[in-house]
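Note sheet for the following structure.
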Amino acid sequence: MAHIDRAFRSNIKLRHLQLLVALDEFRHLGRTAEFLSVSQPAVSKVLAEVEKMLGMTLFTRSTRGTEPTAAGASLVRFARSVLAQYDLTRDEIEAEASGAAGRVRVGSMSAALPVLVAGAVTRLKQRAPRATVLIEEGDLTHLLPRLRLSELDVIVGRLEPAYAAPDLSTQALYEDPMVAIVAPDHPLARKARPDWSDLARHPLVMPPPWASLRVKIEQAFHRHGHQLPADVMESSSYLAVTTFVAQRHAVGFVARSVGRQLQSEGRFHVLPMSVQIDLPPIGLMTLRDRRPASSATELIACLQEEACQIAKPRGRSRNPLKTAVRTS
């Protein structure tokens with residue numbers, strides 16, 4: 001495979017990698033050409049050029065569009081990683097030249113976004129107003145591939161044991177149990193001791209079926225002798241959960257820190273009932289062998305500081321994490 005090694009070392013350029021990623025995104029020569037502001041024949045020519053360099057077919061063409069071959073999918077993953085590292089390095093150099101604080105890319109799960117991430121970004125902006133923070137919300141199935149492709153610097157959320165891997169470094173920050181929330185004018189907001197039978201009589205906003213949290217909530221209903229109601233909406237999005245709770249008089253489940261924040265703002269009511277579900281701690285996830293950029297390091301420090309405030313028991317002096325910080 002000397003010709004492949006030679007192609008990678010000497011012949012493949014950034015424009016080739018950009019085209020491969022665009023083709024994978026759009027799966028259509030015409031839409032790819034439109035996105036890249038070139039003609040469709042130009043896209044076909046560059047793709048043929050790369051395939052000739054490597055001596056293999058990277059995308060199959062049909063009337064339905066284009067699909068990556070196994071080799072094409074591997075090269076697209078490589079291209080995404082290289083382009084992400086290119087963007088990171090360019091941003092670092094530009095930030096150093098301009099005196100700005102750089103750009104950091106955060107993947108956030110909904111349990112961390114409204115309180116931990118929001119508070120940490122506020123801290124970062126107080127120290128470096130010109131720093132740019134890109135935040136992408138999602139679950140680990142969506143965020144982990146982007147972390148591994150260097151498209152994210154850090155993931156913040158629940159450290160699900162099922163996603164532990166040798167290439168990942170994790171740091172637990174604090175425990176954050178689950179609470180149930182409703183709109184302030186919901187009938188359950190006036191009930192002194194709501195229970196699982198009450199929840200089963202109202203619409204629910206639940207995590208998607210593949211989420212471990214979904215299984216745990218269903219098990220909690222069964223333990224208390226109840227089935228889920230027929231009216232269920234499914235989403236891992238913070239915005240979707242709060243929207244449906246507010247507009248459909250549904251019951252939603254959020255992290256306790258999030259519920260307290262929403263209640264303090266007068267937007268939602270935390271039900272006074274115990275939602276006993278075994279949950280992993282909130283924490284950070286990074287790639288073990290990748291040195292984070294200075295902007296990412298600064299935001300991580302802000303996340304750690306904000307986590308200490310969240311974990312501080314109310315009405316008492318700070319207590320180090322019952323949730324002792326751990327790195328694996």
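The values are calculated or read from the model by the stated rules, or taken from the named source; none is laboratory data. Being a predicted model, the structure only gives us computed values, none of them experimental. Because the Cβ atoms are built from the backbone with ideal geometry, glycine has one as well, and the counts that use them run over all protein chains shown. Side chains included, ligands, DNA and RNA excluded: accessible areas come from the protein's heavy atoms. Shrake-Rupley method; radii C 1.70, N 1.55, O 1.52, S 1.80 Å.
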Cα-based helix-to-principal-axis angle, 70-98 vs the chain, degrees rounded to 10: 80 degrees
Where 51, 25 fall by accessible area, highest first, once all protein chains stay in place (1.4 Å): 25, 51
Angle in degrees between helix 294-311 and the longest Cα principal axis of the chain, rounded to the nearest 10: 10 degrees
Unit charges at the beta carbon, dipole of the chain: most positive-side option, 280, 311, 166: 311
Relative contact order of the chain, defined on C-alpha pairs under 8 angstrom at six or more residues apart (%): 21 percent
Computed magnitude of the charge dipole of region 196-296 (debye, nearest 20; Cβ of K, R +1, Cβ of D, E -1): 300 debye
The chain: angle of helix 212-223 to the longest principal axis, Cα-based, in degrees nearest 10: 30 degrees
Part-to-part distance (alpha-carbon centres) for region 239-272 and region 131-145, which is given in Å: 22 Å
Carbon plus sulfur fraction of accessible area for the chain, probe 1.4 Å, in percent: 53 percent
Accessible area in square angstrom per residue, the chain, 1.4 angstrom probe: 51 Å²
At R0 = 25 Å, FRET efficiency that the Cβ-Cβ distance of residue 249 and residue 210 yields, to 0.05: 0.40
Solvent-accessible ranking of 87, 176, 24, largest area first, probe 1.4 Å: 87, 24, 176
Separation of the residue 39 and residue 232 label points, Cα + 7 Å toward Cβ, nm: 5.5 nm
Inter-label distance for residue 273 and residue 125, nm, one decimal - labels placed 7 Å from Cα along Cα-to-Cβ: 3.7 nm
Chain lengthening between residue 294 and residue 239 when straightened (0.36 nm per residue, less Cα-Cα): 16.8 nm
Debye, to nearest 20: dipole size of the chain, +1 on Lys, Arg Cβ, -1 on Asp, Glu Cβ: 380 debye
Under 5 Å, built H, 5+ apart or other chain: amide partners of residue 235: 206
Contour excess over end-to-end distance, with Cα ends at residue 85 and residue 8 and 0.36 nm allotted per residue: 26.1 nm
Residue 196 accessible area, assembled protein chains, probe 1.4 Å, Å²: 10 Å²
Cα-centred dipole magnitude for region 73-232, charges only on beta-carbon of K, R (+1) and D, E (-1), debye, nearest 20: 220 debye
Trypsin sites (Lys or Arg not before Pro) lying in DSSP loop within region 1-80, provided at most 13 other Cβ fall within 10 Å: 13, 64
Rounded to 5, percent antiparallel among DSSP beta bridges of the chain: 60 percent
